[in-house]
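K.L.:
This structure is in structure tokens; I'll ask about it shortly.
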Amino acid sequence: MAEVKIIFANDELISGNEARKNFVAQQKAGHCSVLIEDMHYIVIKEAEKANLEKVRSTAGDIARDLAAQKVDKATVQEGVLGKAFVSLDNEEVYTAFAEGWELGSYQFLSYKSEAERFNTELRVDESNLQAAVQSGKIRAAATAFSRDLMNELSDVLNPETYPEVLKKKFEGKAVEITVHGKEQLEEMEMNGLLAVNRGSKYRPSFVEIRYEGDASKPLVALVGKGVTFDTGGISLKSGKDLSSMRMDMGGSAAVAGAMQLLVDSQAKVNVVALIPMVENTPDAHSVFPGEVIRYKNGKTVQVGNTDAEGRLILADALIRAGELNAEYIVDIATLTGAIVNALGSEIGGVFGDEELSFVMKKVGDHNGDFVWPMPLVEAYDKSLASDYADMNNISSLNFAGSITAGLFLRRFVPENSKWLHVDMAGMMSKSSASGYYTKSATGYGARLLADYTVEISK
Ligand code: BES
Ligand code: ZN
Ligand code: ZN
């Protein structure tokens, strides 16, 4: 029954002993282990330039270390986090710590034959902060749900099974789930989704999840790209290992996680999730480059490249958001490799309504799902011209690929909706564990979309 205590560096146990005090002061990290009379202590030092992301990361690192050492329980002694992160709001610190703790010890072990799940239980010795801790756990569970969906294999989570997974997850909760199957999609003229689906052995789906925490609030539509594997289609991708393209449904995972977070925290919002699900693969039946898709709104699109499939299915979902009279729309997608070049792997890009982009940036700065506002440069819009359709799904430019993808989407945004588009391709996965991230899927976007929805519904 290994147990550790988490204490602050100015605790008498440390500050009252010169050797221990010096030892702790010499440690580069913000926390360290100290063994005192058979008891294992984690000592947290006062954070320089403290922020909530640091709290989450510290907690994640400690949780992962202790789990690796098979420690059963860790108890945060009274007042410790308040002192270590003295400049921050105390409740937010405890929420962030619990959130980072749970996410740092996240594991995806479904396909490891020997590994056993081991987590170190977090205890907080403070009765008036239990709600804050609980809130952190709810946030982590929603993000972990997004991670699970992303990590899952494409033969297990495919456009036919994915709707069932969501139904099961939301069973008994205050949501209404509608799954549109292939025939309905034909009736609904979701022609982008149907075109991308043509090469796949699975039938496509379009899932709508409705949550009315407060029906008087403006309707927010959360749209997520649900490509359960992106081979590129006839415009086949190349590369040593395309395994991560099973995470091309990361946008949909973000939306599903956000819905879980909103529902479980009983948020006073009015929201609908719109999730097109499809696998993009080559086959004799696949959509070929040069073909034209006619959308329900009358617009025609030449498929210049079948690997630019995300925008083709998001277009259907944006049209659908208009039919539902959504006042706000956010779409989120692993949309372009270009955003990885532009912003790397620590921050997503947000496009669309300028004012709202900055609202979202603030939300991300606070909750750790970072985004940076990007421009929809008008001059590039004409690069989407096609010789024989209203537009092409790829730009003729050999730069600004994320912007032209955003400009393509903008053409399908309903006239009366305020719209944001988040390109999360760079945030899809991590190549190593650090802070509250583990290797592989990040669960990016769940917290971002949920908190943004709450923010604009105030
Ligand atoms: N799913 C990819 C984008 C992607 C790339 C996600 C890397 C995660 C990591 C998307 O469907 C795609 O293939 N985009 C193309 C668009 C191009 C053909 C205009 C791209 O970015 O290369
Ligand atoms: Zn693609
Ligand atoms: Zn894709």
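What follows is calculated from the coordinates using simple rules that are stated; it is not laboratory data. On a predicted model such as this, the values are computed, not experimentally measured, just so you know. All Cβ positions, glycine included, derive from the backbone under ideal geometry; neighbour counts span all protein chains shown.
K.L.:
Assess whether Tyr94 counts as being aromatic (Phe, Trp, Tyr), touching a Lys or Arg at 6+ places or on another chain (Cβ under 9 Å) and within 30 Å of Lys45 (Cβ to Cβ).
P.N.:
Here the answer is no, as Tyr94 does not meet what is asked.
K.L.:
Which members of the range 161-208 meet the condition of being in contact with a Lys or Arg (Cβ under 8 Å, 6 or more places away or on another chain), farther than 14 Å from Asn280 by Cβ, part of a loop (DSSP other than H, G, I, E, B) and in contact (Cβ under 8 Å) with a residue 40 or more places away in the chain?
P.N.:
Val175, Met188, Glu189, Met190, Arg203
K.L.:
Residues in the range 243-253: is at least one of a type outside the set (Asp, Glu), more than 25 Å from the chain's Cα centre (by Cα) and either within 15 Å of ligand 1 (Cβ to nearest atom) or more than 21 Å from Leu157 (Cα to Cα) (or both)?
P.N.:
Within the range 243-253, not a single residue is of a type outside the set (Asp, Glu), more than 25 Å from the chain's Cα centre (by Cα) and either within 15 Å of ligand 1 (Cβ to nearest atom) or more than 21 Å from Leu157 (Cα to Cα) (or both).
K.L.:
Could you list all residues from the range 78-101 that are in a loop (DSSP other than H, G, I, E, B) and surrounded by 16 or more Cβ atoms within 10 Å (Cβ to Cβ)?
P.N.:
Here is the first cut: in the range 78-101, the ones in a loop (DSSP other than H, G, I, E, B) are 78-79, 85-89.
Scanning the range 78-101 gives Phe85, Leu88.
K.L.:
Considering only residues of the range 333-363 that are more than 21 Å from Gly232 (Cβ to Cβ) and within 16 Å of ligand 3 (Cβ to nearest atom), which is nearest to the chain's Cα centre (by Cα)?
P.N.:
Filtering the range 333-363 for residues that are more than 21 Å from Gly232 (Cβ to Cβ) and within 16 Å of ligand 3 (Cβ to nearest atom), the one nearest to the chain's Cα centre (by Cα) comes out as Gly348.
K.L.:
Looking at (1) under 30 Å from Ala174 (Cβ atoms); (2) within 16 Å of ligand 2 (Cβ to nearest atom); (3) in a loop (DSSP other than H, G, I, E, B), which one does Asn325 not meet, given that it meets all the others?
P.N.:
Of (1) under 30 Å from Ala174 (Cβ atoms); (2) within 16 Å of ligand 2 (Cβ to nearest atom); (3) in a loop (DSSP other than H, G, I, E, B), only one is false for Asn325: (2).
K.L.:
Is it fair to say Met427 is away from ligand 2 (no atom under 16 Å from the Cβ) and under 22 Å from Val359 (Cα atoms)?
P.N.:
Yes; evaluated as a whole, the condition is true for this residue.
K.L.:
Looking at (1) touching a Leu at 6+ places or on another chain (Cβ under 8 Å); (2) away from ligand 2 (no atom under 16 Å from the Cβ); (3) not in a loop (DSSP other than H, G, I, E, B), which is the only condition Val301 fails?
P.N.:
Of the numbered conditions (1) touching a Leu at 6+ places or on another chain (Cβ under 8 Å); (2) away from ligand 2 (no atom under 16 Å from the Cβ); (3) not in a loop (DSSP other than H, G, I, E, B), the odd one out for Val301 is (2).
K.L.:
In addition: Residue under question is Ile275, and the condition is that it be of a type outside the set (Lys, Arg) and farther than 22 Å from Arg447 by Cβ; does it hold?
P.N.:
no
K.L.:
Find all pairs meeting these conditions: Cβ atoms under 8 angstrom apart; at least six residues apart or on different chains; first residue within the range 218-236 and within 16 Å of ligand 2 (Cβ to nearest atom); second residue aromatic (Phe, Trp, Tyr).
P.N.:
Gly226/Tyr162; Thr228/Tyr162; Thr228/Tyr202; Ile234/Phe288
K.L.:
Looking at Val377 and the list (1) on the phi < 0 side of the Ramachandran plot; (2) within 19 Å of the chain's Cα centre (by Cα), which single condition is not satisfied?
P.N.:
With (1) on the phi < 0 side of the Ramachandran plot; (2) within 19 Å of the chain's Cα centre (by Cα) applied to Val377, the lone miss is (2).
K.L.:
Show the residue pairs meeting these rules: Cβ distance below 9 Å; 6+ apart or different chains; first residue within the range 1-23 and within 19 Å of Lys73 (Cβ to Cβ); second residue surrounded by fewer than 10 Cβ atoms within 10 Å (Cβ to Cβ) and not β-branched (Val, Ile, Thr).
P.N.:
Ala2/Lys70
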